[in-house]
Amino acid sequence: MNISLNLNENPSNPHPEPFLGIKVSLAEIQEFIQQTIKLNKQPIIIFGANWCPDARLLEGVLLLPSVKKFLKTNACVLHIDVGNYEINTELFNFFDENIKEGIPRIFIMDRQGRVLNLHENDKMRKARELTSQDIFNYLQQFIVAA
């Protein structure tokens, strides 16, 4: 059963800018995954950029109190900035070598490090067409409460 957002929970405007322009290595992704699993949580990796309205809206939803509480208990999130597709895009290959562009991309893994939503990782590219509850429900499809 999905957790419902409170009626007064809406993403702040302007939406947050969580992407910091930092180059990330494959080793850092692997370390993040391993450390998250050690905490008995699910790793979530989000590729995006602050110029992308869908990526910023997604972050706004992640910061809603109900979503934030759910994630804090069950998952850890790593944001990876792709800039203007000039940094970190080679890291898409870690998940799927056919991905060349399109953000945000969200990869939700189980507690063994397997990607659960590989064929739906681009769903948030249209986050502006979804409600906050739709986005939260999507997360809840793949994140198992501990």
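Coordinate-derived values only; no laboratory data. Since this is a predicted model, take the numbers as computed values, not measurements. With ideal geometry, Cβ positions are generated from the backbone for all residues, glycine too; neighbour counts draw on all protein chains shown.
In this structure, does PHE107 turn out to be closer than 21 Å to ILE37 by Cβ, of a type in the set (Phe, Trp, Tyr) and in contact with a helix residue (DSSP H, G or I) (Cβ under 8 Å, 6 or more places away or on another chain)?
Yes; evaluated as a whole, the condition is true for this residue.
Restricting attention to segment 23-37, does a residue exist that is in contact with a strand residue (DSSP E or B) (Cβ under 9 Å, 6 or more places away or on another chain), without any contact (Cβ under 8 Å) to a residue 60 or more places away in the chain and loosely packed, with under 14 Cβ neighbours inside 10 Å?
yes
Yes/no per residue for (1) assigned to a helix (DSSP H, G or I); (2) free of Cβ contacts under 8 Å to residues at least 24 places away in the same chain:
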{"site": "ILE44", "(1), (2)": "no, no"}
{"site": "PHE47", "(1), (2)": "no, no"}
{"site": "LEU58", "(1), (2)": "yes, no"}
{"site": "VAL61", "(1), (2)": "yes, no"}
{"site": "LYS72", "(1), (2)": "yes, yes"}
{"site": "ILE87", "(1), (2)": "no, no"}
{"site": "ASN93", "(1), (2)": "yes, yes"}
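For residues that are of a type outside the set (Asp, Glu) and closer than 18 Å to LYS38 by Cβ, tally how many sit in segment 110-146. Outline the logic, then answer.
From segment 110-146, those of a type outside the set (Asp, Glu) are 111-119, 121, 123-128, 130-133, 135-146; that's our starting set.
Still in the running and closer than 18 Å to LYS38 by Cβ: 111-114, 143-144, 146.
Residues in segment 110-146 being of a type outside the set (Asp, Glu) and closer than 18 Å to LYS38 by Cβ: 7 in total.
Criterion first (on the phi > 0 side of the Ramachandran plot and touching a residue at least 40 places away in the same chain (Cβ under 8 Å)) does GLY113 satisfy it? Give the steps one after another, and end with the answer.
On the way: on the phi > 0 side of the Ramachandran plot: yes; touching a residue at least 40 places away in the same chain (Cβ under 8 Å): yes.
Here the answer is yes, as GLY113 does meet what is asked.
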